[in-house]
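J.: Here you go, one structure.
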There are 2 protein chains.
Amino acid sequence: MTTDDPLARTELTFLLGMGFQLVLAEFVRRVAEAGYPDLRPVHGLAFQVLRGGGTTGTELAERLGVTKQAAGQLVDDLERRGYVRRAPHPSGGRRRLVVLTERAIEHLAVAGRVLHALEAELAAGIGADDLAALRTELSRLVRHLAGDSPPPLRPLW
Amino acid sequence: MTTDDPLARTELTFLLGMGFQLVLAEFVRRVAEAGYPDLRPVHGLAFQVLRGGGTTGTELAERLGVTKQAAGQLVDDLERRGYVRRAPHPSGGRRRLVVLTERAIEHLAVAGRVLHALEAELAAGIGADDLAALRTELSRLVRHLAGDSPPPLRPLW
DNA sequence: GCGGCGAGTAAAGCAACTTGACTCAGGCGT
DNA sequence: ACGCCTGAGTCAAGTTGCTTTACTCGCCGC
């Protein structure tokens, strides 16, 4: 034995990084191919925060882990491109609600289909049992490190 | 049953992202604590490329996936801070060899110890069998997506 | 010698943030 | 009724880490 597998010696941190990078790159490639070449991962994360009623700009900023100014710039950009619009906030005041347009909701649906298709292909490629085991162990790792509240994904190293 | 685990419904891509983000954040925290608060992950990646004799600036750029100008700026910065120095290239010409100083080699040793300590703690925390299974399945995933040549890690989403 | 390839460098531009300073609507105490 | 504080939002400038463009310079082949 000792087939001298380089990956067997690779630190867990690097294995996680490679796996994530490979899967994410394929996801981004497919989403771009499906008609959204100008949406970065952070846009999808913002859409996920906003899905189901929208939030204020400040709350979006907190959920994305950036300043409210940065969130404001992101919203400006997405508004110009027709993915979100600003509506008056029911509680009045100076607050405004950032809500998704139909275009963004379509994107979320497409992205979800891509994620599931990708996962299904991986299940076929490496074996459904192996993929299930990977999910199980990853869940265990995440729960061990973050408790029951999954950490918000943030597009930063 | 149906304990209604939110992670069980989470897409593989997100599980990978969370796992990577959590482990990397802890790694960076410990490395900073160990006396390197001003080194980002990209610096460690550069050190790994340069370990064992150094390379030219252009090759470093290729291995990091950036332009040679960006690599040059990185080297300027690391040189100012005493982590690398530029030596004449044995093959002469305009080429110069970027080599690590003792300070960078010490950092590599520290970072390696942190990685292994972290992995050992995770093994204790979630079970050695589970960690081994996680490594096995991650390796399978990476090999399926990238073949036998592990992809270079790059600090980008 | 001389033409050009390739490493390296210099300068300017750009994207995605940050920090700092401001405006403004509403709630609240007095 | 009034002042005033709080917090959402915005405006402007600065920072960082890259890129693009354009150059310099040393060697090698012919």
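The values are calculated or read from the model by the stated rules, or taken from the named source; none is laboratory data. On a predicted model such as this, the values are computed, not experimentally measured, just so you know. Every residue, glycine as well, gets a Cβ built from its backbone with ideal geometry; the counts of neighbours run over all protein chains shown. In case anyone asks, the SASA skips ligands and DNA or RNA and just uses the protein heavy atoms, side chains included. Shrake-Rupley method; radii C 1.70, N 1.55, O 1.52, S 1.80 Å.
J.: In the range A:119-157, what residues are facing chain B (nearest Cβ under 7 Å) and touching a Lys or Arg at 6+ places or on another chain (Cβ under 7 Å)?
T.: A:126, A:130
J.: Among the residues in the range A:56-64, are any of a type in the set (S, T, N, Q), within 16 Å of DNA strand C (Cβ to nearest atom) and part of a strand (DSSP E or B)?
T.: Among the residues of the range A:56-64, at least one is of a type in the set (S, T, N, Q), within 16 Å of DNA strand C (Cβ to nearest atom) and part of a strand (DSSP E or B), which makes the answer yes.
J.: Quick check on residue A:42: is it surrounded by 15 or more Cβ atoms within 10 Å (Cβ to Cβ) and touching a residue at least 40 places away in the same chain (Cβ under 8 Å)?
T.: Against the criterion (surrounded by 15 or more Cβ atoms within 10 Å (Cβ to Cβ) and touching a residue at least 40 places away in the same chain (Cβ under 8 Å)), residue A:42 qualifies.
J.: Same structure again: Could you count how many residues in the range A:71-105 are near DNA strand C (Cβ under 8 Å from one of its atoms) and either under 18 Å from the mean Cα position of the chain (by Cα) or within 14 Å of chain B (Cβ to nearest Cβ) (or both)?
T.: 2
J.: List the helices (runs of 4 or more DSSP H) inside the range A:1-55, counting only whole elements, that have at least 3 residues being more than 30 Å from residue A:109 (Cβ to Cβ).
T.: Here the list reads A:6-9, A:12-33.
J.: While we're on this one: Kindly indicate which of A:64, A:97 is touching a residue at least 40 places away in the same chain (Cβ under 8 Å), of a type outside the set (Val, Ile, Thr) and under 23 Å from residue A:149 (Cα atoms).
T.: A:64
J.: Going by the structure shown, is residue A:111 within 30 Å of residue B:136 (Cα to Cα), surrounded by fewer than 19 Cβ atoms within 10 Å (Cβ to Cβ), modelled with pLDDT of 95 or more and within 14 Å of another protein chain (Cβ to nearest Cβ)?
T.: Answer is no for this residue.
J.: Inside the range B:9-25, can you point out the residues that are within 16 Å of the chain's Cα centre (by Cα), open to solvent by 20 Å² or more (accessible area, probe 1.4 Å) and either within 7 Å of another protein chain (Cβ to nearest Cβ) or of a type in the set (S, T, N, Q) (or both)?
T.: B:21, B:22
J.: Here are some residues: A:91, A:139. Which one is more than 27 Å from residue A:31 (Cα to Cα) and free of Cβ contacts under 8 Å to residues at least 40 places away in the same chain?
T.: A:91
J.: Does residue B:74 satisfy the condition of being crowded, with 19+ Cβ neighbours inside 10 Å, outside any loop (DSSP other than H, G, I, E, B) and within 14 Å of DNA strand D (Cβ to nearest atom)?
T.: yes
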